[in-house]
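Structure record follows, encoded as structure tokens.
What follows draws every value from the coordinates through simple rules; no lab data is involved. Every value quoted in this text rests on a predicted model; they were computed, and no experiment measured them. Neighbour counts run over all protein chains shown; Cβ positions are idealised from the backbone, glycine included.
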Protein chains: 2
Amino acid sequence: MDSTLTSRVVQHVLAGAKEGLFLTSELLPSERDLAERLAVSRNTVTAAYAELERRGAIRRIHGKGAYLCAVPADEESFSWSGKISRFANALDEPVLELLARSCAGEIRYPFSAGTPSLEIFSKEMYRASVTHVLDGAIPSALAVAPTEGQGRLRSAIAAWLGFSPQHVMITAGAQEGIDLMARCLIEPGDAVVVDAPTYPGALQSFLSAGARLLAWGTEWSLGQLEDLLLRYRPKMIFTTPTFQNPTGRVMSLKTRNGLLELARRYRTPVLEDDVYRETYFGENAMPESLYRLDKHSQVVNVSTFSKILAPGLRIGWLTAPLYMVKQLSLIKMRSNLFTGGLNQLVLADLIERGAFDRHLQQLRSHHRGLCDAALAALEPSLRNGLLRCRVPSGGLYLWCKIVASVDIDEFFGALEASGISVAPGMAFEPRRNKRDSSHFRLCFTAVTQRQLAEGLRKLNRTLERCCSQALPDVQKVRCP
Amino acid sequence: MDSTLTSRVVQHVLAGAKEGLFLTSELLPSERDLAERLAVSRNTVTAAYAELERRGAIRRIHGKGAYLCAVPADEESFSWSGKISRFANALDEPVLELLARSCAGEIRYPFSAGTPSLEIFSKEMYRASVTHVLDGAIPSALAVAPTEGQGRLRSAIAAWLGFSPQHVMITAGAQEGIDLMARCLIEPGDAVVVDAPTYPGALQSFLSAGARLLAWGTEWSLGQLEDLLLRYRPKMIFTTPTFQNPTGRVMSLKTRNGLLELARRYRTPVLEDDVYRETYFGENAMPESLYRLDKHSQVVNVSTFSKILAPGLRIGWLTAPLYMVKQLSLIKMRSNLFTGGLNQLVLADLIERGAFDRHLQQLRSHHRGLCDAALAALEPSLRNGLLRCRVPSGGLYLWCKIVASVDIDEFFGALEASGISVAPGMAFEPRRNKRDSSHFRLCFTAVTQRQLAEGLRKLNRTLERCCSQALPDVQKVRCP
């Protein structure tokens with residue numbers, strides 16, 4: 001064999017690689033093809049390929065052929081961004097960041113995140129239960145535990161709500177329940193009916209599972225729902241019928257039954273976000289949950305202690321048909337195996353001792369007081385017709401509509417500069433083409449009465465300032 | 001208009017719906033088409049459609065046409081199984097259940113789940129830190145907290161390991177870190193290189209993200225790895241180079257550097273499962289982690305307190321380039337918003353006070369004692385040549401090969417009947433067509449010395465019995 005010929009073939013391949021004629025991770029021409037193309041013997045190509053492999057430039061894989069190996073990259077640092085899945089990338093990062101920023105240090109008036117009052121949370125009550133648990137059940141708080149949750153907490157919740165414990169599954173907050181449902185049911189391209197506006201965390205979970213969102217207005221028209229069911233055959237209906245987030249609305253009993261009837265006829269599962277059910281201020285006059293009204297095991301209900309005790313506990317639960325408890329557990333197992341035991345046992349202890357119930361009573365009347373204080377503090381803006389909001393009978397929020405003409409970005413910027421965070425309406429909007437620039441959600445429960453009054457006074461002034469700037473020719477609104 | 005004709009059209013549509021000629025959620029023929037087909041006037045069809053809509057049998061949607069509505073289903077209970085996503089369904093449920101069963105009550109000798117010794121865990125140490133935290137930082141344990149984790153714990157871990165805190169992100173165990181990476185990078189159809197055998201929880205996360213698994217034998221041949229990189233262009237390499245699960249092997253420094261070089265050349269991210277790094281028995285003579293050796297920010301490293309303190313705490317961490325800390329946080333936000341504060345602050349306190357370090361020292365020597373005891377107890381089976389296993393220098397497991405011919409299902413059944421759980425080899429196998437029926441993983445750290453000796457004596461006897469049944473003609477093995 002002519003070694004000059006061989007090294008010419010070697011050079012041909014190396015030059016081809018340099019010029020992009022041959023690509024890394026792609027098959028090189030077969031020995032026979034290359035021999036023909038270069039008019040050399042096949043043995044020459046075989047020898048050249050062997051030499052190239054010896055140099056580490058190619059790899060021959062039995063039964064496949066020869067591949068061109070990669071050469072070291074020039075850049076110093078690896079580029080991760082090109083590796084991110086398109087479902088992870090589909091997410092509306094600014095919205096998430098906006099919501100996340102509300103727990104940053106520089107916020108003096110945190111009205112954006114949905115947190116119950118922690119003033120009411122009795123350290124002594126909590127500490128007593130922690131001690132109780134550490135004295136007794138410490139092994140079950142530290143060992144590997146069932147994915148469905150600690151039996152003691154499942155039983156305590158079931159007894160409180162009047163369900164059977166096997167239908168109750170413990171989650172790391174309601175967000176996890178929603179995300180598990182998304183991962184369990186949604187395939188890329190599936191449609192999901194959602195309230196419009198609705199909880200952004202749910203939108204993020206659905207989008208990251210590849211869902212198309214179908215907006216169902218929170219007037220909750222059954223006609224519109226049936227249109228959506230007929231036209232798009234959605235995989236799931238997601239709704240928050242009680243103290244809807246962010247609007248605070250409550251779905252009537254008649255609409256609930258109508259929704260369930262449609263869900264049954266169109267064989268569509270329902271995911272009920274029920275995290276605000278226990279946050280009523282006065283008497284519990286709310287219609288029954290979809291989960292309770294449902295006669296055909298078609299509803300999964302998610303709830304949490306985050307809105308009625310403390311979000312930092314990260315304990316929620318879902319109530320579901322047995323089949324779904326099992327499916328969702330299998331997915332939770334992949335996600336994080338199980339939820340930590342200590343806070344589960346502490347919560348069970350609090351419920352069993354009646355301490356949780358007493359807390360809830362106090363929380364309701366405290367929240368009612370905060371709601372009244374918020375409405376009183378906003379009175380100037382409401383009276384001036386700059387702002388409009390309905391008076392809620394539960395939940396943690398005022399859903400405020402800016403009636404006056406205002407540059408919304410400027411307004412939010414000015415609020416932030418004053419140390420005030422509110423949740424912008426656009427965060428709750430499932431329709432990509434629709435930018436809600438007239439609403440914001442104000443959580444009145446995460447602060448003290450004093451902070452509330454102070455912060456909202458500043459908010460009134462900021463709004464007036466922005467309005468008078470936006471409408472320089474119109475009669476200036478009077479400063480209170 | 002002839003009302004008889006109209007009602008005939010109405011009957012025609014209703015009969016067609018009954019016979020399956022028209023389908024629910026599909027468009028009915030246009031008024032013009034149906035009029036032609038039935039040789040009636042278009043007005044008659046219009047009237048018939050109006051009558052059908054009045055009866056709730058069809059819905060006309062502006063600009064689309066008329067849809068046949070669904071009629072109430074006969075079955076009493078909704079069928080969820082048809083609604084499950086195929087990615088959720090792709091999972092090997094029996095394997096998960098098998099692993100989960102090990103925390104069930106009837107297991108007297110739990111050798112399957114990978115748990116460190118909880119005997120060494122000092123209740124007093126833990127309680128002191130809980131009290132410490134509840135006295136001081138209770139609000140940050142209860143309020144909404146950053147998704148990346150409590151700053152105090154990130155700093156404590158960073159100081160312990162010599163990283164910078166911004167690169168450390170807190171997770172609900174290492175499983176969550178792996179699952180976040182799967183959700184962040186993998187799209188359906190993407191290939192992922194995995195050790196074979198490997199940790200089943202990782203396989204479940206990758207499969208549920210839609211990955212194809214490429215098996216890389218735990219001899220860790222770089223040639224085989226480059227073949228896989230060339231042929232399949234995988235999205236990620238997942239490996240456990242230190243005290244590999246389940247084999248206990250340690251990847252050499254040379255192979256680590258070779259792997260990183262290949263990952264760099266083929267621009268492939270590396271996910272390093274490093275949860276056993278601190279579980280060495282004697283001196284720390286392990287090669288550096290891939291994360292530390294990597295010069296191009298291509299590695300994400302996941303770890304956890306589950307293998308060195310207690311799994312029930314559900315606190316792990318990952319170390320990653322800043323870009324990935326941010327991406328993974330955005331995904332964790334969807335998954336469960338953030339991890340509970342109390343155990344994070346307790347852990348930070350334990351590390352800061354030096355208590356965690358003292359615990360780790362004790363744990364290592366205790367684990368070494370348990371490992372010696374396990375090998376001594378298995379001696380009869382090892383000596384008889386029924387079983388083979390390598391002596392590990394860290395980790396929580398013996399990876400046992402049944403050398404004798406044995407019906408593996410019968411063997412596992414007999415073990416379960418004796419109250420013994422081990423993790424079957426097939427649970428760790430990424431190759432669908434390959435059923436490993438000769439290995440099992442034995443965790444020697446979840447039990448007391450006495451349980452260990454007792455349980456393994458029973459295991460020896462069970463194995464001998466199964467062997468003598470499987471080989472009736474061969475010379476019986478002697479009972480010890």
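For helix B:341-352, report the angle its Cα long axis makes with the longest principal axis of the Cα atoms of chain B; keep it between 0 and 90° and round to the nearest 10°.
The answer is roughly 20 degrees.
Any idea what the A:LYS18 label distances to the other copies are, label 7 Å down the Cα→Cβ vector, nm, shortest first?
Sorted ascending, the copy-to-copy spacings read 8.2 nm.
How do B:THR339, B:THR304 line up, fewest other C-beta atoms within 10 Å first?
By the 10 Å Cβ count, ascending, the order reads B:THR304, B:THR339.
So what is the relative contact order of the stretch A:3-68, in percent, for Cα pairs below 8 Å that sit 6 or more residues apart?
Normalised by residue count, the contact order of the stretch A:3-68 is 39 percent.
Take the Cβ-Cβ distance between A:LEU38 and A:SER3 as r, set R0 to 22 Å, and report the resulting FRET efficiency rounded to the nearest 0.05.
E between A:LEU38 and A:SER3, to the nearest 0.05, is 0.90.
5 Å is the cut-off here: which amide hydrogens, built 1.01 Å from N in the peptide plane, fall below it relative to A:ALA191, excluding neighbours closer than 5 in sequence?
A:ARG212, A:LYS235
Show me, for the stretch B:161-175, the HN-Hα J-couplings you get by feeding each phi into the Karplus relation (A = 6.51, B = -1.76, C = 1.60, θ = phi - 60°), rounded to Hz, glycine and proline as x.
Computed from phi, the couplings for the stretch B:161-175 are 8, x, 10, 9, x, 5, 8, 9, 10, 7, 10, 7, x, 5, 3 Hz.
Does anyone have the angle between helix A:123-135 and the longest principal axis of chain A? Alpha-carbon axes, 0 to 90°, nearest 10?
50 degrees
Could you please rank A:VAL299, B:VAL391, placing first whichever residue has the fewest other Cβ atoms within 10 Å of its Cβ?
B:VAL391, A:VAL299
How many angstrom separate the Cα center of the stretch A:22-59 from the Cα center of the stretch B:286-303?
Cα centres, the stretch A:22-59 to the stretch B:286-303: 36 Å.
Can you compute the charge dipole magnitude of the stretch A:3-68 about its Cα centre, using +1 on each Lys and Arg Cβ and -1 on each Asp and Glu Cβ, nothing else charged? Give it in debye, rounded to the nearest 20.
That gives the stretch A:3-68 a dipole magnitude of about 140 debye.
Between A:THR131 and A:GLU416, what length in nm is gained on full extension when 0.36 nm per residue of separation is reduced by their alpha carbon distance?
Stretched out fully, the A:THR131 to A:GLU416 stretch lengthens by 98.5 nm.
Run the paramagnetic zone check for A:ASP372: 7 angstrom along Cα to Cβ, then residues of the stretch A:279-312 with backbone nitrogen under 15 Å.
So the set is A:281-283.
Among all stretches of chain B without exposed GluC sites (Glu not before Pro) (DSSP loop, at most 16 other Cβ atoms within 10 Å), which one is longest?
By the stated rule (loop sites, at most 16 other Cβ atoms within 10 Å), B:289-480.
Taking the Cα atoms only, what angle lies between the long axis of helix A:222-232 and the longest principal axis of chain A, rounded to 10 degrees?
Between the helix axis and the principal axis of chain A, the angle is about 10 degrees.
Modelling each spin label as a point 7 Å along the Cα-to-Cβ direction, I'd like the A:ASN433/B:ARG55 distance in nm, to one decimal.
3.6 nm
Between B:SER81 and A:LYS326, what is the label-point separation in nm under the 7 Å Cα-to-beta-carbon projection?
0.9 nm
Between A:GLU261 and B:GLU379, what FRET efficiency comes out of the Förster formula 1/(1 + (r/R0)^6) with R0 = 60 Å and r the beta carbon distance, rounded to 0.05?
The pair B:GLU379/A:GLU261 has a calculated efficiency of 0.30.
Test of understanding: ordering A:ILE170, A:ILE120 by Cβ neighbours within 10 Å, fewest first, what list do you get?
The order, fewest Cβ neighbours first, is A:ILE120, A:ILE170.
Which of the lysines could a cross-linker span from B:LYS326 if the Cα-Cα distance has to be under 22 Å and same-chain partners fewer than 8 positions apart are dropped?
The qualifying lysines are A:LYS83, B:LYS235, B:LYS295.
Going 7 Å from Cα along the Cα-Cβ axis for the label, what nanometre distances separate B:ARG32 from the same residue across the other copies?
In nanometres, ordered from closest: 5.9.
So, R0 is 56 Å and r is the distance between the beta-carbons of B:SER252 and B:SER405; what FRET efficiency does that work out to, to 0.05?
0.95
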